[in-house]
Every structure is written in C-alpha cells, then in structure tokens.
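Engineer: Take a look at this one; I'll ask things after.
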Amino acid sequence: MNKFDIKAHMDCIHSQFPPSERRPVIGITGNYAELTCRLGEGYYKQVIAAGGVPMVIPPSADKAVLINTLNSIDGLLLSGGADINPLYQGEEPDARLGGINSERDLPELLLTQLAYNRQLPILGICRGIQTLATALGGKVIQDLVSASSANGGNTVIKHSQDADRSEPTHSVHLDAKSTLFNIYKESVIHVNSFHHQAVGDAGKSLRVTAQAADGVIEAVESTEFKPIIGVQWHPECMGDDGLPLFQWLVKEAALFREVKRLHHHTLTLDTHCDTPMFFPQGIHFEQRDERILVDLHKMSEGRLDASIMVAYLPQKSNEWTGQQGEKKAFADRIFDKIGDIVSHNSQYLALARTPADLLANKQAGRKSIMLGIENGLALEDNLHNIEHFARRGVVYITLCHNGDNAICDSARGDSTHGGVSPYGHEVIAEMNRLGLMVDLSHAHERSFYDALDLSATPIVCSHSSARALCDHPRNLTDDQMRALAKKGGVCQITLYGGFLNANPSEATIVDAMRHLEHAIEVMGIEHVGLGTDFDGDGGIRGLASASELPNFTRELLKRRYSEADIRLIWGGNFLRVMQQVQSSRQ
C-alpha cells in the first residue's frame, strides 16, 4: 500500500465490518508549560501498545469538564511532571522544593478524588503517585535530601539519574502480597529514577507495596480493594519492561467499562438501607454528606438505581413514653422527611412502590427510593395500621428487631411467644391481603419457620447472611436457606461486618462474596441478592458506601457470572417476589 495514499488508508479502515472493537479509553493528565498542554510520547504509546485508547486530559478545574471527562473514560493515568504545591498538604515550602505547576495541581487533585469516588482504575506515575498520596490523605516529602539531613542521615542511593531515561539504575523490592508482585512475578525489579520528591506517608487509603534499597517508597496500592497503583519510576520510558503496568491498567479499565455497561442495562437495587436514622442530624441528601453512606451523589457514583429506605424503630428507646400512636407517628415522620427530600430533588429522585415504578424511574434518569419498616412496633398492635402504611407506599415490614415484640420472637430476644404470636398470625395474613412483603431478617428461627408456613406468599430476608460461615443468630442456617428457597423467597446478603466475619473489623468484600456464593450454592442463583444495611452499621472494606457498589459488580464479573445472573442478584430476584406479593393483593 502506498503510505501516502489517503484513500488506501481509508479503505483499510473500512475493510472490516463491524468496525474495530470498542477498546477502553484511558484518560492521561497532560503536562503544562509555556502556555501549552503537552504529553510525553511514552504515555500514549504504551497505552496503545497495551490495547487501550489514550485521551489527553487538559488541566482544567471546571467542574463540568471534570465530571464529563470522568464519564467518558474507563481508566485514569496520572502522568509525571513538576512538584505539587506543599500548601495542599498544609506545609510551607522546603528550600529545595522544585518548580511547582499551579495549572495542574488543583485539577489533578480534584480529578483523582472524583475518580476514586467513582471506582475508576488509576495508575499514577512519578508525580502521579504523589498526586494520589496528596489527594487521598497521605503526605509527600518535598525533598529527599533535605528530609534525610533533617533526620541526621543521608539518602543511600541516587534518585535522579543522569543515564538515559530507558536505563534502569536501581532496584525495587516488591511486597509479595501486592498486585505489583502479581504483575511482575518477581520480588525485585530494576527501574529508572527521576525524582527528588517521594511519598512520605501513604495515608489510610493507600499502602506501601514497593521500596528502594534506602527505604524510599516506590509504589502504593489501594487498601480498599480498588484498582489503584502508584509508582515512583517512569515505566512509559522502559519499553517492554514498563508495558505490564499499562496492560494492568487497560485490563482493569476494560473490566470497569463492562461494569458501567451492566449498570446501564440492569436495575440495581439495595434492599435495606438505614440512612433515615440520620435525618435528625440535618443531613443533606442532595450533597455528598460525609455523615452518611447513601446520598444522591454516592448513589450516582455507585450507579445504584434504587434503595429501600426503612423507618427503623428501636425496641427500647427514650423516644417511647407509652403514649398511644407515638410509634406510628415516628415512622410517619420519617416517611414525611423522605417525601420532602424527593420533592426537593424531583429532577433526580422519585419514590417507587412497584417494580414497574422502578423501571420507569430508571428510564427517566431518576434514582428511586422505596419505603420499608424495620420493626413491627410501628403497627402499635393495630391491624388497621398495616393498611395505613400500605397506602403510604411501604413495600415490606421487618416483623421484629433486636427484641421480641407483640408479633414474634427475635433472634436476639427472650422467646416470649415460642415463635409467631396469635396476633402475629393476623399480621401476616393482613400483610398478604394488602400485598406487603413479610421480612424475617432479625427473627428467631421458630418465628422464621412459623412465618414461612403462615404466609400465603414468599417471604424475604432483606439483610441477612450465612450462619455456616459466621455463627451469629441473625444469620440464616443452611436449612433455613433451603426452606426459604423452596417457598420462593430470597435472602439478601448484608454488609454488616459482624454477620460476615468473626472479627467484624476485618470483614471485607471478600467475605461478602463468600457469603453470597455460599447462599447461591445452597439456595440457587434465583434466591439471592444484596441488602447492604448502609447507615445501620453496614459497610466493609471494598463496599464501604453506596459509591463503592460497582466493586460488587466487578467481583461478580471476575467470578464469571453471566449478565443474566448478575441481573438476578442485583434485584431481579427480589423484584420477582415483590411482583408476586403485590399481585396477590385482595
């Protein structure tokens, strides 16, 4: 082919149909100097060699530019360059601080935090690793020699080489439990070095995974199961030796692109959320409020379509004076507040009562809130109140909480009734009649089996996990799971650490997946889902808030679940039961 014949090149492009496969787009932060946004050729050439599509991100802090850029890319590469202004760390400049780049600092720090909140894969290179640390709560040493001298020592090795940029000049020791080790399959690699700054403290969100011989931090990774790596060297200059890092980024970006596609086509439902407990603190649901785990921003970042928010009534509380109607009024105030929040954010948020409502809201680009009641105390021992709450749009009632009530015995109670009480029989029958789902999370085993026999429609456990893996009375035994599945019900795995791991503080997304897969093995794929219990002490490393829910889908894909199965897990099973229950309304 004549390389100067444009038509021949166009014919080559059009020689196949369909056009070239969709490759993951990698946004690369552009350097800035002399009124020019520029980029070293190694960055984009390595991205292309790894199978990605490079896109240069100019240094702009415009919020619309930042958000739309993140919506357009599948992975983020933070490139090298000048020093970061130490004022962003609350420090004054060291005498040896190099040239800072005010044009880049704020845009890249914002871009990093926003990408982190959205679970985008991130690779930081040289300045990029320092950007990660600064943006995510760590610290950067302004100058290695100055810092070493201040501590009474000298750096052992040279970190700013004179050799060609492609030449390795020192060794780096890798943590054997790191992603970096899995990439290189070696405990020691040789790298180039062009820096006088370095990460001094990785912070809580990152951990050190590689060090030079003198202890200088050479790499960091996420502590929260996020696809994030930062390296101090320049792999874009190292040809084939540097390519594996770019291949890792492109592979993670392709996985994230598939997560986005699935969430776009799948209705994602969290079946139990306690955020309304925080309403008295004056939370701002329309903002990214750090006091809560679910708000409009976190739902958007986490690509969560819908949440069942409950009016939680504690078994014992200073709220209860014994006055008739106070518990019903308590639940009503919560639902009133949810109504106000929805009304003030109606462009982005809507209430839903049925599966059809959820689908309509998703098609209209709105997040959905469904209403639930956690603890049948709200009924005030009055069957007529069931109809009252049904009219308000409640989709399920959790019959009890941590203590026996007039309806049934709790898993944490005193076996007052020996299961479901005579009044509880009437409650279940009335809920069946009115099309409300019976939720047996928190119930004693005897209450569970009684309700399973009594209910004319399938029951649900909106936020429970597997007792076989974590021996807690709130969890379901394998026999309970089998009985629940036989009657068509669902078990929604929850993210409360104490129900996932004997050491609650050590619970992670890995534990949640173990419980989910155990439930699938026992019950079948058609009877499981996710009920996070966010803001009710739910939230674990890797799934710490609604913003991190793409990590759940990412794990499902890594375990090779089909798109159809993922749709069932993400709400399809629960909505099938909801449809069946609501269709039986008399």
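The values are calculated or read from the model by the stated rules, or taken from the named source; none is laboratory data. Remember, predicted model here, so these are calculated numbers, not experimental data. Neighbour counts are summed over all protein chains in view; Cβ atoms, including those assigned to glycine, are modelled from backbone coordinates with ideal geometry. Quick note on the areas: whole protein, heavy atoms, side chains included, nothing else; ligands and nucleic acids left out. Shrake-Rupley method; radii C 1.70, N 1.55, O 1.52, S 1.80 Å.
Engineer: Subtract the Cα-Cα distance of Q580 and E92 from 0.36 nm times their separation in residues, and report this length gain in nm to one decimal.
Structural biologist: Gain on stretching Q580 to E92: 169.2 nm.
Engineer: What aspartates and glutamates could a cross-link reach from K328, if we take a straight Cα to Cα line under 13 Å and drop same-chain neighbours fewer than 8 places away?
Structural biologist: Output for K328: E319, D336, E374, E380, D381, E387.
Engineer: Restricting to the chain, what percent of DSSP beta bridges are antiparallel, rounded to 5?
Structural biologist: About 35 percent, rounded to the nearest 5.
Engineer: Okay, next question. Take the Cα atoms of region 69-203, build their convex hull, and give its volume per residue in Å³.
Structural biologist: 141
Engineer: Dividing the Cα radius of gyration by the Kirkwood radius, what Rg/Rh value follows for region 121-183?
Structural biologist: On the Cα set of region 121-183, Rg over Rh gives 1.00.
Engineer: Report the far tail of the P(r) of the chain, meaning the percent of Cα-Cα pairs longer than 37 Å.
Structural biologist: 41
Engineer: Given the Cα atoms of region 231-311, and with Rh set as the inverse mean 1/r over their pairs in the Kirkwood sense, what is Rg to Rh to two decimals? Could you put the intermediate results ahead of the total?
Structural biologist: Details: Rg = 19.2 Å, Rh = 15.8 Å.
When Rh is taken as the Kirkwood radius, the ratio is 1.21.
Engineer: Once region 291-435 is represented by equal point scatterers at the alpha-carbon sites, with solvent omitted, what log10 I(q)/I(0) does the Debye formula produce at q = 0.11, 0.16, 0.17 Å⁻¹?
Structural biologist: Those come out to -0.47, -0.90, -0.98, one per q.
Engineer: Compute the accessible area per residue over region 166-280, keeping the other protein chains in place, probe 1.4 Å, unit Å².
Structural biologist: Roughly 36 Å² per residue, with all protein chains present.
Engineer: Per residue, what accessible area does region 499-574 have, given a 1.4 Å probe and all protein chains present, in Å²?
Structural biologist: With the other protein chains kept in place, region 499-574 gives 34 Å² per residue.
Engineer: In addition: Students often forget the sequence filter, so: which aspartates and glutamates lie under 17 Å Cα-Cα from K3 once same-chain residues fewer than 8 apart are removed?
Structural biologist: D11
Engineer: Trypsin sites (Lys or Arg not before Pro), restricted to region 22-80: which are DSSP loop and have at most 16 other Cβ atoms within 10 Å?
Structural biologist: On the way: sites: R22, R38, K45, K63; in loops: R22.
Sparse-neighbourhood loop trypsin sites (Lys or Arg not before Pro): R22.
Engineer: Let me ask something else about it. Based on Cα coordinates alone, diagonalise the gyration tensor for region 506-586, multiply each eigenvalue by 5, take square roots, and list the semi-axes in whole Å, largest first. Write out the running numbers ahead of the final one.
Structural biologist: On the way: eigenvalues 111, 53, 26 Å².
They are 24, 16, 12 Å, listed from largest to smallest.
Engineer: Less than 17 Å from a label point 7 Å out along the Cα-to-Cβ axis of Y348: which backbone N atoms in region 297-317 qualify, by residue?
Structural biologist: 297-307
Engineer: Taking only the alpha-carbon positions of region 121-262 and ignoring solvent, what does the Debye formula give for the base-10 log of I(q)/I(0) at q = 0.09, 0.10, 0.19 Å⁻¹?
Structural biologist: -0.26, -0.33, -1.14
Engineer: If you roll a 1.4 Å probe over the heavy atoms of the protein chains, what accessible area per residue do you get for region 45-106, in Å²?
Structural biologist: Each residue of region 45-106 exposes 47 Å² on average to a 1.4 Å probe.
Engineer: Give me the percent of DSSP beta bridges within region 18-173 that run antiparallel, rounded to the nearest 5. It would help to have the intermediate numbers written out before the result.
Structural biologist: Details: 3 of 15 bridges.
Around 20 percent of the beta bridges assigned by DSSP in region 18-173 are antiparallel ones.
Engineer: Report the calculated FRET efficiency for H190 and K45 (r = Cβ-Cβ distance, R0 = 22 Å), to the nearest 0.05.
Structural biologist: 0.55
Engineer: Can you pull a Stokes-Einstein diffusion coefficient for region 49-96 at 4 °C (1.567 mPa s), Rh from Kirkwood over Cα pairs, as a whole number of µm²/s? Kindly include the intermediate steps, with their values, before the conclusion.
Structural biologist: On the way: Rh = 13.8 Å.
Using the Kirkwood radius from Cα pairs, D works out to 94 µm²/s.
Engineer: Over all distinct alpha-carbon pairs, what is the Kirkwood Rh of region 267-312 in angstrom?
Structural biologist: About 10.9 Å for region 267-312.
Engineer: Give the residues of region 87-122 whose amide nitrogen is closer than 18 Å to a point set 7 Å from the Cα of R38 in the direction of its Cβ.
Structural biologist: 99-105
Engineer: In whole percent, and with a 1.4 Å probe on the protein chains, what portion of the accessible area of the chain is carbon and sulfur?
Structural biologist: After summing per-atom areas, the C and S share lands at 49 percent.
Engineer: Tell me the label-point distance for the pair D332, L106, using the 7 Å Cα-to-Cβ offset, in nm and rounded to one decimal.
Structural biologist: It works out to 5.0 nm between the two label points.
Engineer: When the convex hull of the Cα atoms of region 525-565 is projected onto a plane and the area is averaged over all directions, what value comes out in nm²?
Structural biologist: If I average the Cα hull's projected area over directions, I get 3.4 nm².
Engineer: Here is a further query. For region 374-510, what class follows from the C-alpha gyration tensor (a ≥ b ≥ c being the square roots of its eigenvalues): rounded when a/c is under 1.5, otherwise prolate if a/b is larger than b/c, else oblate?
Structural biologist: It is prolate, given that a/c is not under 1.5 and a/b is the larger ratio.
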